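Heads up: the structure comes next, in structure tokens.
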Amino acid sequence: MRPNASLSVMAAVLAVGLLTAVTAVAQPSINTGGVVNAASYAPPGLPNSAIAQGSIFVIFGRNLGPSSLVQATFPLRTVLAGTSVRVTVGGRSVDCYLIYTSATQVAALLPSSTPVGTGTVTVSYNNQTSAPAAITVAASSFGIFTVNQAGSGPGVITDANYQVNLITYSARPGQVMVLWGTGLGPVTFDETQGAPVRDMRSVDLQVLVGGKQASILFAGRAPGFAGLDQINFTVPAGVEGCYVPVVVQTRDVVSNFATMAISASGGTCSDPASFSAQDINTAIGAGKDTRIGYITLNRMEVLMPAGSPLPSYRMDTGVGSFNKYDYRQIIGSPGTMFGTTIGQCVVFTFRGQQFDVTADPVHPQPLDAGPLLELVGPRGSKIIRRERPGYYWAELGGGMPVTGSPAPAFLEPGSYTVSNGSGGADVGPFQARLTVAAPLTLDQGSVPDIIRRNQNMVVRWTGGSADELALISGTSTTGNPPVGTFFVCAERAPAHSFTVPSYLLASMPASGPQGGVFMLGSAPSLAPYKFTAPGLDLGYFRYTTWFVKMVTYQ
């Protein structure tokens, strides 16, 4: 690949969701928390949010550069279309090499000579300079590029011919694959030019695929690129699924969690916790728009800590979503069960007080399934109303006892039916049935009030049938404005135990004043609870029951 062609490819990958805007000549401004690794997008304040020497990082803000994106060519320079970026650590200032610039987003390569430590970064444009923003520079802090270009879900992982691993094109155990990211660490060659071949396996480096250590054949800068890293690895045996987690650990820093599809025979994957091979082949085929409906009944049993001004409580809710995904959106989505597969875990990052499970960076087109859904169960009927296009929600029972007594609980074990009357403009009438089982019972002694992030945690429970999944989950939040991580692991319920690995817990922040949460949930495997409807390719009716405990991650 020609050197400047490689920069064109890299700029296309990095310029995520870039919107052009007409800007007047005004002082540049960096968004709060707007300095991030170009692949992981880990919010500042998380353990993996530092910017590695020699890596690519992105700055978000206003008036950072020209209204339309301008892309660099080799050799890289420290000024591009009037934009420059300076990082100061320990009293020493370093000018960064620009990869592209625009009014709202700038990508730069942090020179390998930048000192390690906490410091500041400024952006200058047309002789005006922004207020300094915080930056932490590390020797190594890896980010994995992902298909959704937001640091979560399927990773940008290719075979030897550079074909991207997808749920329709899975890897086989023993196959050599190439993982793409940035943040391995510093180099000694000229960073203004495309990189030569240099093996960096001397870095304390691990690639974990489904929790198993993969054999690394090469790790270093992608030849001909600047700041872009590739890691060639062999897919380990004994892990399969459509959403197998992939993590890179450099020294003691754990990357973002991406996923990959693995199947013994290659081709289309199959996953009992998500899409089956038949679902993928018949409903998702290459180049096809896919219409999917999800209806979920949720119960949360919240155990408040001793001394809390609020008593423990339960809350029952019903949620429906009906959306159309184009092919790129569906292959970049995290699937149907929080983005993981059985026996595995994934981690998501978030900004704000809590993780929103509906906040997938993939934005499908909403479908009209009618004004409401009617739910009938052992305790009567409830209406789940449309709150916004394609999304339905209702509190069915219980609730936080802030004032007065909460409503009676609604979701008890038994049979449920949901229907949408005469349907809507996009989704016709349907009726779906579901049997809610008794919830799992957490062994509370297996989940301490203080969870050590440097140790494995063995979670135990009782109950559960052969077609049920146990969901082990938690969140930890820190900082002001708050940032945090959400993890979820899936296991077959009859296993009655699961080990949350220490490398996952190490990727979470120590809990701040906001505290942390641990959750044990149960849910059915999807196959028994599919439904059909005019206008849908796939329909799923499911439930989750959660036991929630307040904890501290330390």
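The values are calculated or read from the model by the stated rules, or taken from the named source; none is laboratory data. Every value quoted in this text rests on a predicted model; they were computed, and no experiment measured them. No Cβ is skipped: glycine too gets one built from the backbone with ideal geometry, and neighbour counts run over all protein chains shown.
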Any pair with Cβ under 9 angstrom, 6 or more apart, that starts in region 193-207 at a residue that is farther than 14 Å from Asp229 by Cβ and ends at one that is of a type in the set (Lys, Arg) and surrounded by fewer than 18 Cβ atoms within 10 Å (Cβ to Cβ): Asp204/Arg251
In region 143-164, anything in a loop (DSSP other than H, G, I, E, B), hydroxyl-bearing (Ser, Thr, Tyr) and either modelled with pLDDT of 95 or more or more than 9 Å from the chain's Cα centre (by Cα) (or both) is listed as Tyr162
Output the residue which, of all residues in region 258-291 that are more than 21 Å from the chain's Cα centre (by Cα) and acidic (Asp, Glu), is nearest to Leu538 (Cα to Cα). Asp279
Do we have any residue at all in region 486-505 that's farther than 30 Å from Gly428 by Cα, without any contact (Cβ under 8 Å) to a residue 24 or more places away in the chain, in the same structural domain as Val459 (by TED's automatic domain parsing) and not aliphatic (A, V, I, L, M)? no
Let me confirm something: among Ala438, Ala407, Ala425, which residue is without any contact (Cβ under 8 Å) to a residue 24 or more places away in the chain, of a type in the set (A, V, I, L, M, F, W, C) and out of contact with any His (no Cβ under 8 Å at 6 or more places or on another chain)? Ala407
When you look at Ala214, is it in contact with a strand residue (DSSP E or B) (Cβ under 8 Å, 6 or more places away or on another chain) and touching a residue at least 40 places away in the same chain (Cβ under 8 Å), yes or no? no
Out of the strands (runs of 3 or more DSSP E) lying entirely within region 496-554, which hold 3 or more residues that are more than 15 Å from Arg453 (Cβ to Cβ)? 516-524, 538-553
Do you know which residues across region 51-71 are in a loop (DSSP other than H, G, I, E, B) and buried (at least 24 other Cβ atoms within 10 Å of the Cβ)? Gly54, Ser55, Leu64, Gly65
Test result for Gly227, closer than 21 Å to Cys96 by Cα, modelled with pLDDT of 95 or more and assigned to a loop (DSSP other than H, G, I, E, B): yes
Hits in region 241-265 (condition: modelled with pLDDT under 95, touching a Ser or Thr at 6+ places or on another chain (Cβ under 8 Å) and outside any strand (DSSP E or B)): Arg251
If you go through region 479-488 one residue at a time, do you hit one that is within 26 Å of Val248 (Cβ to Cβ) and more than 19 Å from the chain's Cα centre (by Cα)? yes
Which of the residues that make up region 116-135 are more than 19 Å from Arg62 (Cβ to Cβ) and surrounded by 15 or more Cβ atoms within 10 Å (Cβ to Cβ)? Val116, Gly119
